[in-house]
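So the structure is just underneath, and the comments pick up after that.
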Amino acid sequence: MEDRNPTVYFPDTLSELLQLYRRTPSALLYAGGTYILSHRPGRFLELPSTVLSIQDVQDLRRVSRSERTIELGAGMTIARTLQLGEQNIPRALYVALSSIGPPAVRGIATIGGNLAIPARLMTAVPVLILLEARIELRRQGGVRWLPVSRFHLSDGRLDLKPGEVITRVRVPLQPWSGQMFRRFGTELSPESEPLTVCGLVRVSNGIVEEIRLNGTASGRTLLRSRTMEAELVGRRIPLSRKEVESAEEAFGELPAQLTDIQRDRFRRLLTWFLLNIQQLTTRSA
Ligand SMILES: Cc1cc2nc3c(=O)[nH]c(=O)nc-3n(C[C@H](O)[C@H](O)[C@H](O)COP(=O)(O)OP(=O)(O)OC[C@H]3O[C@@H](n4cnc5c(N)ncnc54)[C@H](O)[C@@H]3O)c2cc1C
């Protein structure tokens, strides 16, 4: 962050963007800029000597749908994604994206930008992890796919190689019988004690076929227990109080860094989700 007069490029095509990024891997990728502009260290925005705006790259705004997946261009705004409608994207993702606000921000903030904030699991991230979404990462001469769950490394960095750009997010469209997304506070202000909780469940003939539940605390800590999820598969709904208590026990201790409020809210929502699977499967929340 050294130059007061950066050169800003506005490539029109993906190949032009990747070429420019290969030449200057220290450049800043600028999508909607909502995070970059609001999280400057001081009064002035200090940019590196090269900035690559992705706003004119149409290839990054495409959407395609098949029977099993929907692919969202990483440059799609949150608002444009929501315009696809609840019938085209999983409901939990729809609710999560709707909670990113205010509307003026949703109109310019992108999906790729939401995923690519280092050391922060922003609002869409836990839901995309739970849905087992994958991202396409491209650089000049290379392409790879990565589960969203592996993109944020434990040291806060992102699994991005020099010159690499998120180009698409592939979201599986599995038939969930019930979906839930709840959110408190905002990931960018720790004093709001941010917490998200997301649950997905598939029930067939009154039996839990698959169940997934995760959450984030303070945009940093991912909460999930596969042991609990495995324990619930094959159970008949509604679950009894005893089964719910045993599932909560299987979830295990919550990490020490959670505040009392986060801890309490997470536990309550976990209990609520497990006790209400039957209702959720008739009206997805
Ligand atoms: C008032 C306000 C409210 C907000 N509320 C929320 C909220 O409720 N929930 C929430 O999650 N966020 C919120 N945000 C933060 C931010 O707006 C969003 O996270 C947004 O999705 C970021 O997208 P962007 O396109 O603006 O990213 P940018 O600011 O352009 O970029 C963010 C980071 O991602 C990198 N990047 C962008 N695109 C790519 C790509 N395709 N490949 C690789 N790297 C990339 C950039 O280099 C940068 O490091 C809020 C911001 C503001 C200002």
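The values are calculated or read from the model by the stated rules, or taken from the named source; none is laboratory data. Computed from a predicted model, the values in this text were never measured in an experiment. Heavy atoms of the whole protein, side chains included, go into the accessibility calculation; ligands, DNA and RNA do not. Shrake-Rupley method; radii C 1.70, N 1.55, O 1.52, S 1.80 Å.
Measuring between their Cα centroids, the range 1-66 and the range 99-126 lie 16 Å from each other.
Here the chain exposes an accessible surface that is 48 percent carbon and sulfur, computed with a 1.4 Å probe and the other protein chains kept in place.
A 1.4 Å probe run over the chain, with the rest of the protein chains in place, finds 49 Å² accessible per residue.
Out of Ala250, Ala109, Ala79, any idea which swings most in a Gaussian network model of the chain, alpha carbons joined below 10 Å? Its mean-square fluctuation being the largest, the pick is Ala250. Per-residue ellipticity at 222 nm from helix content only, as computed over the chain with -39500 (n - 2.57) for each DSSP H run of at least four residues, stands at -8000 deg cm²/dmol. The C-alpha atoms of the chain define a longest principal axis, and helix 260-275 lies at about 60 degrees to it. Put Glu86, Glu136 in order of accessible area, highest first, and with a 1.4 Å probe you get Glu86, Glu136. P(r) tail, the chain: Cα-Cα pairs separated by more than 30 Å, 33% of all pairs. Mind pulling the angle between the C-alpha long axis of helix 14-23 and the longest principal axis of the chain? Nearest 10 degrees, somewhere in 0 to 90. The answer is roughly 70 degrees.
Sequentially through the range 43-56, phi angles give Karplus couplings (6.51, -1.76, 1.60; θ = phi - 60°) of 5, 9, 8, 9, 10, x, 5, 10, 10, 10, 7, 9, 5, 9 Hz, Gly and Pro residues having no value and appearing as x.
Roughly what angle does helix 241-251 make with the longest principal axis of the chain, taking Cα atoms, 0 to 90 degrees, to the nearest 10? That works out to roughly 40 degrees.
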